[in-house]
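This report refers to the structure that appears directly beneath it.
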Amino acid sequence: MKQGKFITLEGIDGAGKSTQLAWIVELLQRAGLNTVVTREPGGTPLGEQLRTLLLDKSITMHPETEALLMFAARREHLDKVILPALTQGQWVISDRFTDASFAYQSGGRGLDGGKLAILEQWVQGKLQPDLTLYFDVPVEVGQQRVSQIKSVDRFEKEQADFFQRVRAAYLDRAKQFPERIKLIDSSQSLSEVKAAVERTLKVMLNHG
Ligand code: TMP
């Protein structure tokens, strides 16, 4: 059976990626593909429990603990959800993956990217997403959207300078991996963002 494809969505908090998720699924299903939608941290019973701890703003943790928990959840996610689905020919769409660790734990928290690269190699070997849609917005726009949420989580409560570093790290990765990471300007209108997503996916679908 033909192996499925692995698509990940990235962006700072408030970038609007979750809004685009339903649209991506619709486009893939219209193309006759079977889809699995999942998220990180999370996606498995253990991963979801780790997510609860990671997002709980009453908990403090060392940045390396945070990174290790992200990768622990990811290991489980790959084993239980992502790899079996790809093997069965399904298309996996994950709301965040390892680029988020480089952006948040390295860019945002200042962890050594080399240490994350070791964890990346350990947990996923050579596996990388086939396509990553990076939804880029200025930090003020992301923060404005997040401020409309009633209760913010342990990441969302961070200040603008944290998100500036996260965004800069995402932009660096998009430059480093231009074949895989496609930047979508998410400060455009909803319909323009949807059109940009559709164009990017069509390129992938046409190249099989
Ligand atoms: P979400 O709000 O997009 O669901 O993501 C939850 C938060 O987790 C988000 O603020 C980013 C953060 N995160 C990391 O810091 N590192 C990671 O590796 C992942 C997957 C998420």
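Quick note: the coordinates plus some simple rules give every number you see, no bench work behind them. These numbers were taken from a predicted model, which means no experiment stands behind them. Positions of Cβ are backbone-derived with ideal geometry, glycine not excepted, and every protein chain shown enters the neighbour counts.
Every condition in (1) under 17 Å from residue 6 (Cα atoms); (2) crowded, with 19+ Cβ neighbours inside 10 Å is met by residue 200 except one, and the failing one is (2). Annotation: residue 51 fulfils all but one of (1) without any contact (Cβ under 8 Å) to a residue 60 or more places away in the chain; (2) more than 8 Å from the ligand (Cβ to nearest atom); (3) part of a helix (DSSP H, G or I); (4) surrounded by 15 or more Cβ atoms within 10 Å (Cβ to Cβ); the unmet one is (2). Residues considered: 93, 82. Of these, the only one that is away from the ligand (no atom under 11 Å from the Cβ), assigned to a strand (DSSP E or B), crowded, with 16+ Cβ neighbours inside 10 Å and under 17 Å from the mean Cα position of the chain (by Cα) is 93. Taken as a whole, segment 56-77 holds at least one residue that is in a helix (DSSP H, G or I), β-branched (Val, Ile, Thr) and farther than 28 Å from residue 205 by Cα.
Just one of the numbered conditions (1) surrounded by fewer than 16 Cβ atoms within 10 Å (Cβ to Cβ); (2) within 12 Å of the ligand (Cβ to nearest atom); (3) over 22 Å from residue 62 (Cα atoms) is not true of residue 177: (2).
Restricting 110, 114 to those that are away from the ligand (no atom under 15 Å from the Cβ), small (Gly, Ala, Ser), more than 23 Å from residue 18 (Cβ to Cβ) and more than 15 Å from the chain's Cα centre (by Cα) reduces the list to 114. A Cβ distance below 6 Å, combined with a sequence gap of six or more or placement on separate chains, defines the contacts here; from segment 61-79, residues that are over 14 Å from residue 155 (Cβ atoms) reach residues that are of a type in the set (S, T, N, Q) in the pairs 76/44; 77/44.
Considering only segment 117-132, I want to know if a residue exists there that is of a type in the set (Asp, Glu), within 15 Å of the ligand (Cβ to nearest atom) and within 13 Å of residue 15 (Cβ to Cβ). No.
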